[in-house]
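J.: Quick one: structure below, then a few questions.
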Amino acid sequence: MSNQLVTEPPLYTPQFNAVTGKYEDQSPFVKFERNNKKLYKCSCKSGTLFSGYSSFIQHIQSKTHQEYINNYENYNKELIALKKENINLRAAYLLLEQKNTKLDRALDARCVEVLNLEKKNEELIMIKKVFKLLTH
Ligand SMILES: [Zn+2]
């Protein structure tokens with residue numbers, strides 16, 4: 001048996017419409033596209049699967065799915081909160097990454113400064129030694 005047959009089909013998720021403030025169905029398939037028989041599962045009802053555009057349309061018109069989509073926010077409060085948290089964490093991570101890059105660059109610059117100062121210090125010690133030899 002190939003791996004493809006045992007893998008779980010991806011979960012269909014409706015899209016949030018920022019204008020209406022509601023979740024809406026959006027086909028993961030392109031209308032009239034051939035060979036688009038990828039299987040999706042829907043959490044409106046356990047064991048619900050659909051594949052292809054017409055199968056999707058038929059599914060979203062079912063009473064169970066309509067009820068689910070109308071109450072999507074209530075049914076998925078935890079999931080929605082986690083998604084929002086994930087977005088916020090990613091943004092915070094990106095900011096920290098930028099800050100880290102800046103600090104790395106600053107540290108590199110400081111290291112170069114320290115190296116230059118050490119070099120100058122060694123030169124001064126040498127000059128001091130030479131001066132001592134010449135004056136004694
Ligand atoms: Zn459904």
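J.: Within 15 Å of the ligand (Cβ to nearest atom), exposed (fewer than 13 other Cβ atoms within 10 Å of the Cβ) and among the hydrophobic types (A, V, I, L, M, F, W, C): is that true of LEU39 in this structure? Before the answer, list the steps.
T.: Values: within 15 Å of the ligand (Cβ to nearest atom): yes; exposed (fewer than 13 other Cβ atoms within 10 Å of the Cβ): no; among the hydrophobic types (A, V, I, L, M, F, W, C): yes.
It is false that LEU39 is within 15 Å of the ligand (Cβ to nearest atom), exposed (fewer than 13 other Cβ atoms within 10 Å of the Cβ) and among the hydrophobic types (A, V, I, L, M, F, W, C).
J.: Report the residue count in segment 42-55 for those that are loosely packed, with under 14 Cβ neighbours inside 10 Å and among the hydrophobic types (A, V, I, L, M, F, W, C).
T.: Looking only at that region, the number is 1.
J.: Against the condition charged (D, E, K, R) and either closer than 30 Å to PHE32 by Cα or touching a Cys at 6+ places or on another chain (Cβ under 8 Å) (or both), how does LYS45 come out, does it pass?
T.: Values: charged (D, E, K, R): yes; either closer than 30 Å to PHE32 by Cα or touching a Cys at 6+ places or on another chain (Cβ under 8 Å) (or both): yes.
Here the answer is yes, as LYS45 does meet what is asked.
J.: OK, next. If only one of GLN61, GLN15, GLN66, GLN26 is touching a Pro at 6+ places or on another chain (Cβ under 7 Å), within 16 Å of the ligand (Cβ to nearest atom) and modelled with pLDDT of 90 or more, which one is it?
T.: Among GLN61, GLN15, GLN66, GLN26, only GLN26 is touching a Pro at 6+ places or on another chain (Cβ under 7 Å), within 16 Å of the ligand (Cβ to nearest atom) and modelled with pLDDT of 90 or more.
J.: With respect to the numbered conditions (1) closer than 18 Å to GLN58 by Cβ; (2) at pLDDT 90 or above, which one is the sole condition not fulfilled by LYS37?
T.: Answer for LYS37: the failing condition is (2).
J.: Give me the pairs, please: first residue somewhere in segment 36-54 and aromatic (Phe, Trp, Tyr), second residue anywhere and within 9 Å of the ligand (Cβ to nearest atom), beta-carbon distance under 7 Å, and either six or more positions apart or on two chains.
T.: TYR40/TYR12; TYR40/PHE50; PHE50/CYS42; PHE50/HIS59
J.: Within segment 118-128, can one find any residue that is under 20 Å from ASN17 (Cβ atoms) and part of a helix (DSSP H, G or I)?
T.: No, there is no match, as no residue in segment 118-128 is under 20 Å from ASN17 (Cβ atoms) and part of a helix (DSSP H, G or I).
J.: Mind checking which residues of segment 69-115 are surrounded by 10 or more Cβ atoms within 10 Å (Cβ to Cβ) and either within 16 Å of the ligand (Cβ to nearest atom) or not in a helix (DSSP H, G or I) (or both)?
T.: ILE69, ASN70, ASN71, TYR72, GLU73, TYR75, ASN76, LEU79
J.: A follow-up question, please. Quick one: which residue in GLN26, GLN66 is free of Cβ contacts under 8 Å to residues at least 60 places away in the same chain, within 24 Å of the chain's Cα centre (by Cα) and at negative phi?
T.: Unique residue meeting the criteria: GLN26.
The values are calculated or read from the model by the stated rules, or taken from the named source; none is laboratory data. Bear in mind that the values here come from a model prediction, so they are computed numbers and not experimental data. Quick reminder, even Gly has a Cβ in these numbers, built from the backbone with ideal geometry, and neighbours come from all protein chains shown.
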